[in-house]
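Inspection log for the structure reproduced underneath, given as structure tokens.
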Amino acid sequence: MAADELASRLNMRLKLGAGAGGGGGGGGEPEDAESARPEGDRRPCRRVFNPFTEFKEFSRRQIKDMESMFKQYDAGKDGFIDLMELKRMMEKLGAPQTHLGLKDMIKEVDEDFDGKLSFREFLLIFRKAAAGELQEDSGLHALARLSEIDVSIEGVKGAKSFFEAKVQAMSDGSRFEQEIKAEQEEKKRQAEEKEQRKAAFKELQSAFRP
């Protein structure tokens, strides 16, 4: 009886699998949980991108400046800079590009071939600029040069190559801890000043009360 029940359940699973897969699978293997999910859920989960750990050659301040610039030109607020947004960016920077030139700019750092720039791909522009890997007459070189984010001095500190800069940045790992500590201290100082202003205002109010 147990064997018959097991066979019945297996036949049921095979029928369900054949129905969901459009029939003709050949092997009759039941679908796994991944393939049985809706089409939109089949994509693998992307790992969390941390610019501070992946782009150690830059300081936290530089990365935050790049992030502010990226968000400024991400008019659609979708986390990407598309062709038209890049066109407006280059016009604002005073280095307008042709349609083909804009496409070439995106293509040079477009690792996922989606025709637009993610924040990570945007950072790659500055990595290439810091490593001296951009042609001087290219649109990406103009973008990096006109962005007012100096990656040539603080980023690689005069290193001859990106590899040398990477090694130098890794050996200087405590710099990030110091920067985080400095940011925390600055926030603490601002909070204390705010409390002091509140206290002074209350004291001023009480002085004018009858």
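Any read-out appearing in this document is the output of simple, stated calculations on the displayed coordinates, not a laboratory observation. On a predicted model such as this, the values are computed, not experimentally measured, just so you know. Every residue, glycine as well, gets a Cβ built from its backbone with ideal geometry; the counts of neighbours run over all protein chains shown.
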Task: Value of Rg to Rh for the stretch 69-139 (Rh from inverse mean 1/r over Cα pairs, i.e. Kirkwood) - done: 0.92
Task: Full-extension gain in nm, residue 61 to residue 197, via 0.36 nm per residue minus C-alpha separation - done: 46.1 nm
Open item on the list: Ranking request for peptides 116-128, 184-196: highest mean number of other beta-carbon atoms within 10 Å first, then the rest in descending order.
Closed with: 116-128, 184-196
Task: Entries of 56/188; 107/181; 64/188; 64/116; 64/92; 77/187 with Cα pairs more than 29 Å apart - done: 107/181
Open item on the list: Expected output is a single nm value to one decimal: the length gained when fully extending between residue 91 and residue 189, i.e. 0.36 nm times separation in residues minus the C-alpha distance. What is it?
Closed with: 31.3 nm
TODO: Kindly list the residues of the stretch 61-79 that lie in the label zone of residue 120, defined by a backbone N under 16 Å from the point 7 Å along the Cα-to-C-beta vector.
DONE: 79
